[in-house]
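Undergrad: Got a structure for you, written out below as structure tokens; questions coming shortly.
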């Protein structure tokens, strides 16, 4: 059984969660080009290694971020969006 630590509900079975995709900052709604929006919506980076991802605890609809190694599938940490600055690595989180 794989356990994921929800920042709101604590450790839970991974079956209680929904994957929301790779996190990347949204372009400026007023100043970004159409190309920037196309990149944001349709072309995730999908790197091998450390990735920040959106996850949701399905029962409570609570969204949070997780840093996961895509090579080993190890979840390194989970945190609320408002705490992202504490855990930022090489991305603008």
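No lab work stands behind these numbers, since they all come straight from the coordinates. From a predicted model like this one, the values you see are computed outputs, not experimental measurements. Note that we place each Cβ from the backbone using ideal geometry, even for glycine, and neighbour counts take in every protein chain shown.
Undergrad: Restricting the search to the stretch 16-54, which residues are without any contact (Cβ under 8 Å) to a residue 24 or more places away in the chain, surrounded by 10 or more Cβ atoms within 10 Å (Cβ to Cβ) and under 18 Å from the mean Cα position of the chain (by Cα)?
TA: 26, 27, 39, 40, 41, 44, 47
Undergrad: Residue 83 fails exactly one of the following numbered conditions: (1) in contact (Cβ under 8 Å) with a residue 40 or more places away in the chain; (2) part of a strand (DSSP E or B). What is the number of that condition?
TA: Checking residue 83 against (1) in contact (Cβ under 8 Å) with a residue 40 or more places away in the chain; (2) part of a strand (DSSP E or B), the one that fails is (2).
Undergrad: Could I ask something else about it? Just need a number here: residues in the stretch 1-58 that are under 16 Å from residue 69 (Cα atoms) and assigned to a strand (DSSP E or B).
TA: Summing the residues that are under 16 Å from residue 69 (Cα atoms) and assigned to a strand (DSSP E or B) in the stretch 1-58 gives 13.
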